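**Student:** Here's a structure for you.
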Amino acid sequence: MSHQSLRDFLDDLKATGDLHVVSRTVSAEYEIAAVLIERDRGPAQLFAAIADHDVPVVANVMNTRAKIARGLGVPTEDLDEALQAALARRVPPVLVDDAPVSELVIKDDLDIGRLLPVPTWFEKEGGPYISAGMIVAKDPDTGRRNISIARLRLEGGNRLMAGIAPSHHLTILANRAAALGRPLEIAIAIGNHPAVLLASQMYVAFGDDEYDIAGSLLGEPLRLARCTTVDLEVPAEAEIVLEGMLHPDRSIDEGAVSEFPGFYVYYGSGVEVNVQCLTRRQDAIYQAVLPGYASEHCLLGGIAIGATVCQALRQVIHSVRRVVITDGGMGRLHAIITMHKPKRGEGKRAVLMAMGQVNLLKLVVVIDDDLDPEDWTQVEWALAARFRGHEDLIVLPNVKADRCDPLEENGTVTKVGMVATTRPGDGEPGGRSEFARPPDDLMQRVRRDIDKY
């Protein structure tokens with residue numbers, strides 16, 4: 001069998017020293033969070049001994065672009081193009097009968113807090129949160145699958161609280177089920193291969209099956225297994241699956257919860273989930289993602305947003321090369337777009353299209369593709385050398401904002417675009433931005449032989 005599991009990737013990280021095993025016993029209450037915060041950009045962390053639990057916890061698995069690229073089997077510099085290829089050429093999944101995730105089936109005495117080492121993350125939150133649980137559901141009208149991640153807080157016994165954004169596709173499915181007078185069947189897959197987890201975060205059209213994207217990222221169909229008690233399919237090589245019913249008519253107050261800016265927010269009520277079956281590997285590993293303003297949390301969303309925005313822009317503006325959602329912008333709010341020799345006005349068009357594509361974006365900077373959008377020094381250089389404030393600045397006050405924007409007021413926020421690109425002729429000999437350098441032939445020879453100097 002080919003590699004489609006989280007543990008295959010962990011073995012790969014371990015072989016190169018990129019997996020750190022915490023052997024001392026730690027508590028799931030705050031201590032895991034504290035260690036992950038201190039090692040935010042470090043190796044993946046495997047907590048081998050959790051107090052009162054026999055299931056280990058792993059996190060910080062996808063906390064750098066290099067790790068994400070490695071999980072997809074591509075060089076880091078090729079990550080963006082690999083994502084574009086996956087969005088363009090999708091590979092449908094296949095059903096299998098032999099599923100490691102079904103080795104152990106538990107239907108009785110479903111106390112999730114006792115069975116799983118779910119971390120309690122932050123001081124003012126109301127309980128432990130499942131933070132890397134990939135939720136699978138189907139449209140009650142069409143049968144089309146949807147795969148996503150939402151906040152899942154343990155409420156005692158088999159009850160969970162699901163915190164789902166009003167614009168979330170899962171909310172639409174839940175409302176459609178409610179209109180039919182029934183709850184929504186869901187499955188929560190925990191412990192997934194990086195390709196599967198990343199696919200679940202893609203901002204694709206309603207009705208698109210994210211499993212198809214996962215297959216493309218894997219280079220082969222994702223193997224799925226049928227659930228035991230609900231009409232859903234989950235990754236056969238996941239670690240743990242919770243099967244149950246989401247009840248949109250049963251609200252649970254959430255109180256304070258962390259969000260990607262790093263602050264507590266107060267969204268109001270979530271909805272109840274009742275778990276009716278737990279399946280798992282015999283030696284299951286519990287996967288978590290540190291929430292709040294943490295590298296893995298921000299990158300998972302940011303890389304997926306950048307890929308889908310880039311795809312949309314490229315379809316109509318052929319000079320667009322990359323879209324990078326920045327770490328400083330919390331993996332959600334700021335974007336850098338690179339363009340190749342853009343025509344006049346194309347930069348502004350790209351800014352407006354990007355903001356229209358993803359409501360979260362509120363600062364978009366456009367630069368030429370001779371610069372690295374991941375290097376803020378180069379982006380700042382472009383603003384100093386190529387940005388004309390009186391012509392290249394876009395300020396859009398009172399634009400509809402996402403509820404999680406830290407500066408949202410009355411549902412709106414001010415959005416800003418900055419176009420810092422050359423204009424036709426600027427870089428030509430005699431132009432105002434011709435670079436000073438030695439002769440080209442000499443530069444090429446020195447570059448080729450630099451190790452000899």
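**Student:** Can you tell me which residue among GLU380, GLU374, GLU346, GLU408 is farther than 30 Å from MET62 by Cβ and either out of contact with any Phe, Trp or Tyr (no Cβ under 6 Å at 6 or more places or on another chain) or among the basic types (Lys, Arg) (or both)?
**Tutor:** Checking each option against the conditions leaves just GLU346.
**Student:** Could you tell me whether any residue of region 65-78 is more than 15 Å from ALA307 (Cβ to Cβ) and among the basic types (Lys, Arg)?
**Tutor:** Within region 65-78, one or more residues are more than 15 Å from ALA307 (Cβ to Cβ) and among the basic types (Lys, Arg).
**Student:** Across region 234-253, what is the number of residues that are surrounded by fewer than 21 Cβ atoms within 10 Å (Cβ to Cβ) and within 20 Å of ALA132 (Cα to Cα)?
**Tutor:** Residues meeting the conditions: 1.
**Student:** What do you reckon, is VAL395 in the same structural domain as GLY301 (by TED's automatic domain parsing), in a strand (DSSP E or B), in contact (Cβ under 8 Å) with a residue 12 or more places away in the chain and crowded, with 19+ Cβ neighbours inside 10 Å?
**Tutor:** no
**Student:** Given the condition in contact with a Leu (Cβ under 7 Å, 6 or more places away or on another chain) and under 30 Å from ALA28 (Cβ atoms), answer yes or no: does some residue in region 97-109 qualify?
**Tutor:** Yes: region 97-109 contains one or more residues that are in contact with a Leu (Cβ under 7 Å, 6 or more places away or on another chain) and under 30 Å from ALA28 (Cβ atoms).
**Student:** Taking the condition of being in contact with a Phe, Trp or Tyr (Cβ under 9 Å, 6 or more places away or on another chain), among the hydrophobic types (A, V, I, L, M, F, W, C) and outside any loop (DSSP other than H, G, I, E, B), how many residues in region 197-238 meet it?
**Tutor:** Qualifying residue count, region 197-238: 2.
**Student:** Residues that are touching a strand residue (DSSP E or B) at 6+ places or on another chain (Cβ under 7 Å), of a type in the set (Ser, Thr, Tyr) and surrounded by fewer than 23 Cβ atoms within 10 Å (Cβ to Cβ): does region 209-222 have at least one?
**Tutor:** The answer is no, given that none of the residues of region 209-222 is touching a strand residue (DSSP E or B) at 6+ places or on another chain (Cβ under 7 Å), of a type in the set (Ser, Thr, Tyr) and surrounded by fewer than 23 Cβ atoms within 10 Å (Cβ to Cβ).
**Student:** Is at least one residue of region 319-327 in a loop (DSSP other than H, G, I, E, B) and modelled with pLDDT of 95 or more? Give the steps one after another, and end with the answer.
**Tutor:** If we filter region 319-327 for residues that are in a loop (DSSP other than H, G, I, E, B), which is where we start, we get 319, 326-327.
Now restrict to residues that are modelled with pLDDT of 95 or more: 319, 326.
Yes: region 319-327 contains one or more residues that are in a loop (DSSP other than H, G, I, E, B) and modelled with pLDDT of 95 or more.
**Student:** Just to verify a result, which residue in region 21-60, among those that are part of a loop (DSSP other than H, G, I, E, B) and among the charged types (D, E, K, R), is farthest from PRO235 (Cα to Cα)?
**Tutor:** ARG24
**Student:** Against the conditions (1) assigned to a loop (DSSP other than H, G, I, E, B); (2) touching a residue at least 40 places away in the same chain (Cβ under 8 Å); (3) out of contact with any Asp or Glu (no Cβ under 6 Å at 6 or more places or on another chain), where does ASN63 fall short? Just the number, please.
**Tutor:** Only one criterion is unmet by ASN63, namely (3).
**Student:** Restricting attention to region 230-263, report how many residues are polar (S, T, N, Q) and over 25 Å from the mean Cα position of the chain (by Cα).
**Tutor:** Count: 1.
**Student:** Among the residues of region 325-338, how many are surrounded by 23 or more Cβ atoms within 10 Å (Cβ to Cβ) and under 18 Å from LEU352 (Cβ atoms)?
**Tutor:** 6
**Student:** When only residues in region 210-233 that are among the acidic types (Asp, Glu) and touching a Pro at 6+ places or on another chain (Cβ under 8 Å) count, which is nearest to ASP141 (Cα to Cα)?
**Tutor:** Residues of region 210-233 among the acidic types (Asp, Glu): 210, 212, 220, 231, 233.
From the residues that got through so far, the ones that are touching a Pro at 6+ places or on another chain (Cβ under 8 Å) too are 212, 233.
Numbers: ASP212: 20, GLU233: 17 Å.
For region 210-233, the residue satisfying everything is GLU233.
**Student:** All but one of (1) part of a helix (DSSP H, G or I); (2) surrounded by fewer than 18 Cβ atoms within 10 Å (Cβ to Cβ) hold for ARG70; which doesn't?
**Tutor:** (2)
**Student:** Would you call SER102 within 21 Å of VAL265 (Cβ to Cβ) and of a type in the set (S, T, N, Q)?
**Tutor:** Against the criterion (within 21 Å of VAL265 (Cβ to Cβ) and of a type in the set (S, T, N, Q)), SER102 does not qualify.
**Student:** Considering only residues of region 1-20 that are part of a helix (DSSP H, G or I) and in contact (Cβ under 8 Å) with a residue 60 or more places away in the chain, which is nearest to GLN282 (Cα to Cα)?
**Tutor:** Initially, region 1-20 is screened for residues part of a helix (DSSP H, G or I), giving 6-15.
Okay, now just the ones that are also in contact (Cβ under 8 Å) with a residue 60 or more places away in the chain, so 6-10.
On the way: LEU6: 15, ARG7: 13, ASP8: 16, PHE9: 19, LEU10: 17 Å.
Residue satisfying both the conditions and the ranking: ARG7.
**Student:** Somewhere in region 100-113, is a residue part of a loop (DSSP other than H, G, I, E, B), touching a residue at least 12 places away in the same chain (Cβ under 8 Å) and more than 26 Å from GLY157 (Cα to Cα)?
**Tutor:** No, because not a single residue in region 100-113 is part of a loop (DSSP other than H, G, I, E, B), touching a residue at least 12 places away in the same chain (Cβ under 8 Å) and more than 26 Å from GLY157 (Cα to Cα).
**Student:** Inspect region 300-316 for any residue being among the hydroxyl-bearing types (Ser, Thr, Tyr), surrounded by fewer than 23 Cβ atoms within 10 Å (Cβ to Cβ) and either closer than 21 Å to ILE112 by Cα or under 16 Å from the mean Cα position of the chain (by Cα) (or both) and give the result as yes or no.
**Tutor:** yes
**Student:** Next question, about the same structure. Would a scan of region 266-281 turn up a residue that is crowded, with 20+ Cβ neighbours inside 10 Å, within 21 Å of the chain's Cα centre (by Cα) and part of a loop (DSSP other than H, G, I, E, B)?
**Tutor:** Scanning region 266-281 turns up no residue that is crowded, with 20+ Cβ neighbours inside 10 Å, within 21 Å of the chain's Cα centre (by Cα) and part of a loop (DSSP other than H, G, I, E, B).
**Student:** Moving on to the next point. Do we have ALA165 as among the small types (Gly, Ala, Ser), surrounded by fewer than 21 Cβ atoms within 10 Å (Cβ to Cβ) and outside the structural domain of GLY331 (by TED's automatic domain parsing) here?
**Tutor:** Working: among the small types (Gly, Ala, Ser): yes; surrounded by fewer than 21 Cβ atoms within 10 Å (Cβ to Cβ): yes; outside the structural domain of GLY331 (by TED's automatic domain parsing): yes.
Against the criterion (among the small types (Gly, Ala, Ser), surrounded by fewer than 21 Cβ atoms within 10 Å (Cβ to Cβ) and outside the structural domain of GLY331 (by TED's automatic domain parsing)), ALA165 qualifies.
**Student:** Which one of these does ARG403 not meet: (1) under 24 Å from GLU346 (Cβ atoms); (2) at pLDDT below 90?
**Tutor:** All conditions pass for ARG403, except number (1).
The values are calculated or read from the model by the stated rules, or taken from the named source; none is laboratory data. All of these numbers come straight from a predicted model, not from anything done at the bench. Glycine also receives a Cβ, built like all others from the backbone with ideal geometry; neighbour counts cover every protein chain displayed.
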